[in-house]
Structure formats: C-alpha cells, structure tokens
Amino acid sequence: MVSSRLYVGCPNAKKPMAKADISSHLIRCNTDLRRASEQVLLSEKPADSLEDLRSSIFQRIHDSNSEILSKVNAVELGVHGDLLKLQVLLCQSLEYACRVLEMQGTTQATQINDLKKGLMAPVGTIFGDLFDIKKKQREQDAKLMALDGQIAAIRSEQLDFQTKIAADILSLSTQVGDIADLRSGDAKKGEIGSSSRRPPPVRVERLPLPTPINQGESSSGHGRALSVEEAAEMVREADRQADRRERERESERRLRRRGH
C-alpha cells in the first residue's frame, strides 16, 4: 500500500529537538512527500492514489504540527525552567549581597563606636586643659586690671602730691623773696644811721624745699638746694619715666596675651 510506504520515511520522534533538527526534519518530510507524489502519479488508479495522497499529506501535516508543538512546548518548558533557575540564583545572590552589606555596616558601626570611645578621653582631657587655661588667663587679666587701677590711682596721687609740692615751693620762694626784700630795706636804713660800719650785702636765692623723691639727693649733694626750675624739670622727668614704664607694661601685657 502507498499509505504504508509513506509512513516509513518519517517516523515520529519522541525526544525534544532543537531548531536545526526541526528544519532538517521538515526538509526530510518534504522529500518523502515528493517521492510519494511521484509514486502516485505512476500508479494505475489515479483516484485512489489522489485520495491516499491527500490523506497522507493531511496526516503528515498533522504529525508535523503535533511534533512542532511538542518540541515548542519542550523548548518553552526548558526556557521556563532556566528562567526559574536564574531567578533563584539572582535571589540567592541578592540575599548574599544584602547579608554582606549588613555585616559590613555592622562592622563599620562598631569601628566608629570604638573610634569615638578612643577619642572621647583625650578630647575631654584637652578641653579640660583649655578651660583651666582660660580660667587662669581670666584670673590673670583680672589681676592685671586691678594692678592697672592701683597704678593709675598711685599715679594720680603722685601727680596731686607733685602739684601740691610745686605750689608749696612757689609759696616758700615768694616768702623767702619777701624776707630778702625786707632785710635789704633794713640794711639800707642802717647805712643812713652809721657810715663807719657797713655790713656786706646779703645774697639771698629763692630755694624750694626738696621733694620726697629727691630728699636723698639733696641731702647728699653737699648741701646744695634745688631751684624752682630744677624742681619742675625733675617733676617732668618723673612724669616721662612713669609714662615710659606704663608703655613698657602695656607692651608686656600684649605680648603675654599673644603668647596665650
């Protein structure tokens, strides 16, 4: 029979095939169909042969479709399985990466806490030392301000005393001058009454009293008294020295502040 011969060339394959296998299978089936057609044309009964050919073609098409569908399903199942495996692998990789990141974060947090604990002690000591230094500096500044106030008060008292001494010296000089004038007048009157005995003229110099600062110098200067001009010059020199000492102290205070 022709139909039995047609099924010999294209047996059904059960195992899954790739795309290249499917193409070769279709080519082989087409070749068998072409041979079967040639055999039908050469047979003695054309009507039966055509019916057998049509049935064979339909059967071949059905078998080919079934085989293709089965292979497509097999490929789809294989791809689906591979996708599931890939999804599982990706999930495992993601979970592992999350665990690694969590472990690293915990380790870093522990290291940061240890670093903070290690730095807190020396930093606290440094801040304590700085507070002590600032406290001592404030105390020294308060002492310096108190000393400046005392020095200013002493200087004011010294200026008042020097002014008072200068006024007393001027008053005494005026009184000594008046006494000298009176003695000169008495001497002139004595010359009119007695011409045989003439006393020498009395030379009187207006001498101020020595200041407390220069008492040692006046006592050790062979009895030489100071004039008003010399006393005023000494007062001015004392003021200049006091101003110079004040500037030196101010410079020292600035240097100490810059050093801190």
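Structure data summary
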| quantity | calculated |
| --- | --- |
| Verdict on Leu84 being over 30 Å from Ala238 (Cβ atoms), exposed (fewer than 11 other Cβ atoms within 10 Å of the Cβ) and within 41 Å of the chain's Cα centre (by Cα) | no |
| Flag for Gln158 being surrounded by 10 or more Cβ atoms within 10 Å (Cβ to Cβ), more than 30 Å from Arg256 (Cα to Cα), in contact with a helix residue (DSSP H, G or I) (Cβ under 8 Å, 6 or more places away or on another chain) and not β-branched (Val, Ile, Thr) | no |
| Selection count, segment 149-176, where residues are farther than 16 Å from Arg236 by Cα and among the hydroxyl-bearing types (Ser, Thr, Tyr) | 3 |
| Residue match in segment 129-136 (condition: assigned to a helix (DSSP H, G or I), assigned by TED's automatic domain parsing to the domain that holds Arg236, in contact with a helix residue (DSSP H, G or I) (Cβ under 8 Å, 6 or more places away or on another chain) and surrounded by 11 or more Cβ atoms within 10 Å (Cβ to Cβ)) | no |
| Some residue of segment 100-107 being closer than 30 Å to Gly259 by Cβ, among the small types (Gly, Ala, Ser), modelled with pLDDT under 90 and not assigned by TED's automatic domain parsing to the domain that holds Met234 | no |
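For (1) surrounded by 10 or more Cβ atoms within 10 Å (Cβ to Cβ); (2) basic (Lys, Arg); (3) modelled with pLDDT of 90 or more, each residue gets a yes or a no:
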position	(1), (2), (3)
Lys116	yes, yes, no
Met120	yes, no, no
Phe127	yes, no, no
Ala166	yes, no, no
Ile169	yes, no, no
Gln175	yes, no, no
Ala187	yes, no, no
Pro199	no, no, no
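The values are calculated or read from the model by the stated rules, or taken from the named source; none is laboratory data. All values reported here derive from a predicted model rather than from experimental measurement. Note that each Cβ is placed from the backbone with ideal geometry, even for glycine, and that neighbours are counted across all protein chains shown.
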